């Protein structure tokens, strides 16, 4: 890769020592400037300014290479994980390492906020450092050390953990002094009369303006508002009508006209025309205000600003495990690049919350090749690109929570919130919802087309036949079509036309990358996972790692998800399975994506983030979500409990039948013994079992015929068989009364146990 990005790690042997890596802090391709800093900060290496063309040329020639570096595992941990790794020395106080990091971040944060001025050469770094030195009373060397470590680690805060009313004046409306202002009416001009307009005083103008502001509201016409203003301020007397006092307005010739009412009402400070006053504010802003400017004005770099929003899919879906069951509609979250209009991030799920917002950002900043392959769609990186946005423009919905703000700040992405109900402040992503509905969801069976069902219409849920997996695959195809095929000639600038750029969003994105119009950061996958994926409890058994989850179907109780079994190198390295088999199961915490269960991740304090892969011969598990599996497991448990009741009833019935048969057999046996002339002894009852069995076999009919046939087939063999010892045509043994020639087994059959 010959593209240079901020936060990228490079190896440049011709400039820096062979084993040393550097990180890109700042790029100004237009002025041929790039700032690099060595990652190794043991000697407090300062940032260096180089020629952008020089570094890029070295990268193209292979003299410089893009490299990767495993981040410090501690920098991937959240506050709770750091507190678990470094317990607090005093109850109620934060751990020392956390307090240390927070203190030094408060010292260098003012410098970091002014780093662009330093990189642009507008000020010296020493002047910024000395301000913090004087304010906090720390040494200059310590500030430089903390600052350089922060930059060298990719601008990560955890890198500084210890190595252990307008009035008067121009524009004020005039008030007449007992004379009529304004032009004469047409009738007055024709008749040569004086000005017939009502002579307004300052007080009259105030009455007109107040009446306009107060009475011209939605549902009230200008005429009705004027009448109410006249009744309020221009009344000659009051009279009682039906027992109630009513104002008697003066003659209209002695009061301001309706034209004066409208003229002065609209032209007061903050005054508005009647067409606007008759609309509610939000309705005016959303549907009637002038459309000035364009949403991408001033944007020249991809990844600088993204817009994110959620929407219903408007399609009824069915269960993946039982297609006879309708499960309703799902939702999606998409993230759009403002400059190119490319849809770079996608989340599809049953609910939209903070976790969904983080997963959408994870999808935007990650490669989509493996993600699309899960749905049977083969793509390249250019069909569905990954973009790590600097800023996200969002509403006060799923992104408006501390969990999301903390997670996105961990990957250097800031959030900018728009006013509630103002979808026109993020028009690009709102338009993408309509485009995806028109291209995908509104063309599928079971769609509501975004409308409520009218009386007498058939319920669209009756036509539903797609699962969430199949719907997501169709939505991905619509996004790829939107990114790569949909023509957008209005987005081509003169520079793009000169360079022969095709009028598609993907062509514009590729052109911007080639030109260096790139603003997004390069963030490693481990940091994305630890900041954006959810933490879930898991239990280690002797045969693998299983997730522990809670759901409404289980009544809020914790259950082990037996269908999801994970194994990986980290389990073998730490002997988890052997320990669980020897000492019993134990719990761990994992990072997981509940909508992609093919793998989970474990954050080890020593080796960092390690993946665990799903082990299963059921291919549909890879298509399922965690909620689907929990729902199915709950239903299966209920069916199992019902079957267990039936099995228990069956065992009881078997026991009753058995007892009846045994009692009947015992009664018949006692009757047979009583018929004997003399009660037999125990030894006599145990003797001659062999001969008795032979007689029994001889009298069983079909069984005797079968045994005779088997003996005939084996009579040529020398080796005796079990059947040989059970039949009378045995050639090897003589079943005579001479007990001395019998082997011990035959003797035991005849005589029984010795007393």
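List of remarks:
- For residue 305: the one exception among (1) under 29 Å from residue 399 (Cα atoms); (2) touching a helix residue (DSSP H, G or I) at 6+ places or on another chain (Cβ under 9 Å); (3) at pLDDT 70 or above: (2)
- Of the criteria (1) at pLDDT 85 or above; (2) touching a helix residue (DSSP H, G or I) at 6+ places or on another chain (Cβ under 8 Å); (3) not in a loop (DSSP other than H, G, I, E, B), which one residue 232 fails: (1)
- Residue match in the range 366-384 (condition: within 24 Å of residue 591 (Cβ to Cβ), in contact with a strand residue (DSSP E or B) (Cβ under 6 Å, 6 or more places away or on another chain) and outside any loop (DSSP other than H, G, I, E, B)): no
- Restricting the range 235-259 to residues that are assigned to a strand (DSSP E or B) and under 25 Å from residue 197 (Cβ atoms), the residue that is modelled with the lowest pLDDT is 249.
- Residue check, residue 630 in contact with a helix residue (DSSP H, G or I) (Cβ under 8 Å, 6 or more places away or on another chain) and buried (at least 17 other Cβ atoms within 10 Å of the Cβ): yes
- In the range 59-71, the residues that are in a strand (DSSP E or B) form Cβ pairs under 6 Å with partners that are exposed (fewer than 14 other Cβ atoms within 10 Å of the Cβ), at six or more places apart or across chains, as follows: 66/1.
- From the list 447, 439, 406, the one residue that fits, being in contact with a strand residue (DSSP E or B) (Cβ under 6 Å, 6 or more places away or on another chain) and surrounded by 12 or more Cβ atoms within 10 Å (Cβ to Cβ), is 447.
- Within the set 482, 433, the sole residue that is crowded, with 19+ Cβ neighbours inside 10 Å, farther than 25 Å from residue 528 by Cα and touching a helix residue (DSSP H, G or I) at 6+ places or on another chain (Cβ under 9 Å) turns out to be 482.
- Of the criteria (1) closer than 29 Å to residue 355 by Cα; (2) in contact with a strand residue (DSSP E or B) (Cβ under 9 Å, 6 or more places away or on another chain), which one residue 487 fails: (1)
- Taking the numbered list (1) in contact with a helix residue (DSSP H, G or I) (Cβ under 9 Å, 6 or more places away or on another chain); (2) under 23 Å from residue 530 (Cβ atoms) in turn, residue 563 passes all entries but (2).
- The set of residues in the range 70-84 that are surrounded by 13 or more Cβ atoms within 10 Å (Cβ to Cβ) and either closer than 29 Å to residue 522 by Cβ or over 30 Å from the mean Cα position of the chain (by Cα) (or both) comprises 71, 72, 73, 74, 75, 76, 77, 78, 81, 82.
The values are calculated or read from the model by the stated rules, or taken from the named source; none is laboratory data. The structure presented is a predicted model; accordingly, all values stated were derived computationally and were not measured. Positions of Cβ are generated from backbone atoms using ideal geometry, with glycine treated the same way; all protein chains shown enter the neighbour counts.
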